[in-house]
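The values are calculated or read from the model by the stated rules, or taken from the named source; none is laboratory data. Computed from a prediction, not measured in an experiment: that's the story for all the values here. Here Cβ is always computed from backbone atoms with ideal geometry, including for glycine, and neighbour counts include all displayed protein chains.
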Amino acid sequence: PAENFAIKTGTHPALTTAKNIKNMRKQIQSLGFSYDWDREVVTSDPKYYKWTQWIFVQLFKHGLAYEAFAPINWCPSCKTGLANEEVVNGKCERCGTVVTKKQIKQWLVKITDEKYIERLLHGLDKLDWPENIKHLQRNWIGRSEGASVKFKLEKADEYIEIFTTRPDTLFGATYIVVSPEHPLVHKITTPEQRRAVGKYQIEATRKSDLDRTDLAKEKTGIFTGAYAINPANEKKIPIWIADYVLSTYGTGAIMAVPAHDERDYAFAKKFKLPITQVVAPLFENTTDLKVRMDLPIETRRLIYGIVRNPKDNTYLCLDWPDQSWGSFVVGGIEDTEGPVDAAEREILEETGFKNLKFVSEVEWQVHTKFFAPHKNENRYGIAVGVVFDLLDQRQDPVSEEEKKKHTVRWISKSKVRDFVTHRNAKFIWDNYLHPSAFSGDGVMVNSGKADGMDSVKFKEVIVDKLDALTCKDKKTCLIVHGIGGHDQENWFPWLKKELVKNCWEALVPSMPETDHPSLGLWNDFLKKKSIQINEQSVLVGHSLGAPAVLNYLQLTGTKVDTVILVAPTNPLQHWESLKKDFAQADWDAVKKMSDEKNFNWKKIQRLAKRFIIIHSDNDPFVPVESISFYKERLPSAEVYLFSGKKHFSKSNGDMTSFPEILKFFPMQSAGASRTVNYKLRDWLFSRQRYWGEPIPIIHCEKCGNVPVPEEDLPLELPKVKKYEPTGTGESPLASIDKWVNTKCPQCGNKAKRETNTMPQWAGSNWYFLRYCDPKNEKLLADPEKLKQWLPVDLYVGGAEHAVLHLLYARFMYKFLYDIGTVPKECGDEPFTKLKNQGLILGQDNQKMSKSRGNVVNPDDVIKEYGADAMRMYEMFMGPFEDAKPWNTNGIVGMSRFLERIWQWGNTIVSLLAKGDQRVLVQNEGRKRILHQTIQKVTEDIENFRFNTAISQLMIYFKEVTVQGKVLAAEFLMTKEEFEIFLKLLSPFAPHLVAELWEKLGHQDMVDFEPWPVAEASHLQVSEISVAVQINGRVRDQLTVPAEASEEAVLKLALASDKVQKWLGGKKPKMAKYIKGRIITIAV
RNA sequence: GCCGCCGUGGCGGAACUGGUAUACGCGACGGACUUAAAAUCCGUUGGCCGCAAGGCCGUGUCGGUUCGAUUCCGACCGGCGGCACCA
């Protein structure tokens, strides 16, 4: 805003900012807030932003700040990029212009980094923050668990990976949709479709987010011409492009399940794509039987209830009872049809129900009275039935009592679909309504072997068992380990899992089953498990498993597809070291198996179509030389030599970070795995504006992006005359050659400075750290000082910061904690307790805004009523955290109250000045109310209940001043009493109290006085007033001794005339005294 | 649409873990002071019936739990806020 204003008026933003700060400081001071101005910081001051830049450099060095060429929200009016958070309803938060998109190279901060995102989420649990704010943040982070599934393309050796939270509906995925920006689009589009697809892509980028996300709009999309294979049922499904799929969420691609997702449903309807239902709603128990009322009359009577009887697993079909139609009419048509007929029965049986029992209409009569349309046409009746007697085939009627339990509930039209009671009744589904998709849980149908399984359960198993459910002609992979078993613990299970996902039958004989890897005894293992190794199979041998695999091939003469030797050991070559390292091995067997004489290499070579040797030049156990041994003997083998420590960092077996190995397995289907996705996007950390902190990065052709050396910070903004946005998307800084051109700090060659600046948030998300040590020139802040102050005990701010500032600040703090800037003692959460002050609305109960003309200027209020009245009235208006409308009339009450205190105080002061030392005779009642007030005000302040604290001060003042006769000559308050009252008042009305305090002759300020303490001895009461309740109604008041026993009090109560009157001579059934509260009597 | 929060006099709002609903303030009405008005001070103020004593009804609606519900439970109605094609 400062920059916008500066551009408009032609003054430098530094000047306007300074002016605004001055003005704001004056306003704050005029309200009497006791801030420590010595610690004031200004985020646009180079002394401050030196450290913002320093933080950025650290983020960069830790790989958390990155440059990306990505579409950004672009405000055509402000000519600047906007963070997602700055876009409200598709419009620019600042100027209200509709936001479009632009491709610009951006700096982003990786707040979605694995290392932080879960901590940002779970860190909330232990914080003392308002629940709604925590909820908002969790929502914003938007964690959702699901599965990522790879769909193989029909014609290319490529996969499209999708994310879904409903893997259980995989069988119902009838097409795939990718976002227009998806990287595979150009690859998969067929020549015939290329033109149309290109056109659609261009249209999509032109569309603003507002257009794209307008839910009312019809779905748009285009077919790519390509197909993918649904790994569940191996069906060929088309791949479409549509902008209802967001490129920024998940993988930018979805499997569309139109039967169970509203968006997919709408899309499928429009483009006439197939809809397959795979989850059937089911009501396990009878109490939930619901009736769908939005079906056409002729359909409605068809079937309206299917209930599973858990006892014998039969299904009960409930036909619509004729009699019921008499009781209500929908759409003016009365039903005249009879019970289930043969045709209907057929439809039902088509749906896959095996054990159907039809319940006659007679048994249903009892329910009919519960069905009725609502007076509101959009609502439908739901019968909560008594089907348990139907399950039991009970004939006797339902008792009155039972009937009473059943009520008619009304639900909105849109919810009706959740209560669809037919199951897989395709006829109804296709021909009538199906107004939208059913997205609930139920029972699997049309899902191969999973049919009949609970969908929630299926969701759990499908990801792991994708193969077992679907894969035909499974390929077998036999993985043979070497000596030592590292591989078994580490990468074999990983490899096995990966293969299983891809429809492989992966076998890893464990040590006890084979005795020893090298013995080839896994022959027995194969026999035992009756596993067939055939031409489709792949054999993998690791280390000493490699010669074992070859031995097996030769002995059995089995032909296989591929043999993969991973870091194969040549035992003959390093016999001695092997013997030393693995003393327990059966060396005779190994020797026999791997004896050179046993191998007929030519024969072996014929048995596998393909030999692959994988090795690392960094394997501590298997020297690279052994590769040449195998390569010499198996000339057709392909050798892949990986280098680098990463593959073998833990042991000779840890290959989990070796995903390349998967390339050598032909995938017949695609895989699935559990994944987590987040709605949260990375933090856009650059703006194309002048007024911000320069991003301390230098672009060097040779070295790439190099941070400005820390000793050169701060990197100050150059003083310029023009700072209007260029409009091209570039920062105004880009046109200042003198500033842009520089030398690379690493190689000294010519280089260019980054010209984007940091956003406002950058500096204001860590200021509380700087408050601890605002003038430190060597460090961001002295760790000792941080230890002393942090974390922030209480953070008061507006709820509008719930997700922006508070999330970013938490991220920055966690980062600084991780790199040690924030000492460990401070913890990794910056704000222990958070309170949101409520917004003060305009008199019209609307947010204050210039355009509405309902703005109340505090300066004016202070001028008229004074700062104390203003402060106190704001506090008195209502609960601290609630929004409430301002009412200028109300402030006069507060003004009067303060006025009276002032008059009263002056009276006391003048009496004291006259030497009048009259002191009121000590009265227990006065003492009590004083101490009650001390107690209540103290407690209320601690709990942010300022409104009731002030109310108590008013009660006290009224009580102890003689009926408001302020100027009465009687001196009714001792100096001591008055001073205690002033102390209690001082946080609320500091100016008034300071003045009176001085008049009372004090040298020091009241602020340094200790806070009054309520003394228990003065709070005790000897007698209390207790109400007497007879049958729950208050009938009398009794004054009883505070410590009286129940017995004594009840005796007193029963002696009262009024009580006797209400008892009317009857004996009480029950009489109790809840001590100090109430006497209750029941007759 | 989804999620979250909230419904108490003419108004802002009190009522602690279920225990005398409407504290405190504003407004309104009546009175005192004043030639008059303002300011100040005193009193009344949930609704209905009643001369009165007193009674009945009352915390969005309906129902439940309880000796007793603004408070707890269920359903509904209304309002506010957040997110919004998040798969």
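At-a-glance table
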| quantity | calculated |
| --- | --- |
| Segment A:140-158, residues that are free of Cβ contacts under 8 Å to residues at least 60 places away in the same chain and surrounded by 13 or more Cβ atoms within 10 Å (Cβ to Cβ) | A:GLU158 |
| Boolean, A:LYS290 is under 30 Å from A:ALA156 (Cβ atoms), of a type in the set (D, E, K, R) and either modelled with pLDDT under 55 or surrounded by fewer than 20 Cβ atoms within 10 Å (Cβ to Cβ) (or both) | no |
| Test: A:LEU769 is on the phi < 0 side of the Ramachandran plot, in a loop (DSSP other than H, G, I, E, B), buried (at least 18 other Cβ atoms within 10 Å of the Cβ) and modelled with pLDDT of 90 or more | no |
| Qualifying residues in segment A:988-1023 (those that are closer than 30 Å to A:ARG1077 by Cα and among the acidic types (Asp, Glu)) - the one surrounded by the most Cβ atoms within 10 Å (Cβ to Cβ) | A:GLU1015 |
| The one condition in (1) surrounded by 13 or more Cβ atoms within 10 Å (Cβ to Cβ); (2) within 15 Å of RNA strand B (Cβ to nearest atom); (3) at pLDDT below 85 that A:VAL1026 fails to fulfil | (3) |
| Qualifying residue in segment A:863-876 (condition: assigned to a loop (DSSP other than H, G, I, E, B), more than 10 Å from RNA strand B (Cβ to nearest atom) and small (Gly, Ala, Ser)) | yes |
| Scan of segment A:238-266 for residues that are closer than 20 Å to A:PRO191 by Cα and either of a type in the set (D, E, K, R) or within 15 Å of RNA strand B (Cβ to nearest atom) (or both), ordered by number | A:ILE239, A:TRP240, A:ILE241, A:ALA242 |
| Any hit, segment A:695-705, residues being free of Cβ contacts under 8 Å to residues at least 40 places away in the same chain and not in a loop (DSSP other than H, G, I, E, B) | yes |
| Residue within segment A:691-705 that is surrounded by 20 or more Cβ atoms within 10 Å (Cβ to Cβ), more than 30 Å from A:GLU234 (Cβ to Cβ) and at pLDDT below 90 present | yes |
| Residue ID - farthest from A:PHE880 (Cα to Cα), chosen from residues in segment A:823-859 that are within 12 Å of RNA strand B (Cβ to nearest atom) and part of a strand (DSSP E or B) | A:LEU841 |
| Looking only at segment A:785-804, and only at residues there that are modelled with pLDDT of 90 or more and assigned to a helix (DSSP H, G or I), the one that is surrounded by the fewest Cβ atoms within 10 Å (Cβ to Cβ) | A:GLN788 |
| Which numbered condition A:SER616 fails, given (1) closer than 21 Å to A:LEU641 by Cβ; (2) at pLDDT 80 or above | (2) |
| Helices (runs of 4 or more DSSP H) wholly inside segment A:1-89 containing at least 1 residues that are without any contact (Cβ under 8 Å) to a residue 24 or more places away in the chain | A:2-9, A:13-30 |
| Which numbered condition A:SER1017 misses (of (1) in a helix (DSSP H, G or I); (2) more than 19 Å from A:GLN932 (Cα to Cα); (3) free of Cβ contacts under 8 Å to residues at least 60 places away in the same chain) | (2) |
| Members of segment A:140-193 found to be within 16 Å of A:ALA672 (Cα to Cα), in contact with a helix residue (DSSP H, G or I) (Cβ under 9 Å, 6 or more places away or on another chain) and away from RNA strand B (no atom under 14 Å from the Cβ), listed by number | A:LYS150, A:LEU153, A:GLU158, A:PHE171 |
| Odd one out for A:TRP902 among (1) touching a residue at least 60 places away in the same chain (Cβ under 8 Å); (2) away from RNA strand B (no atom under 13 Å from the Cβ) | (2) |
| Hits in segment A:706-746 - residues which are at positive phi and surrounded by 14 or more Cβ atoms within 10 Å (Cβ to Cβ) | A:GLY729 |
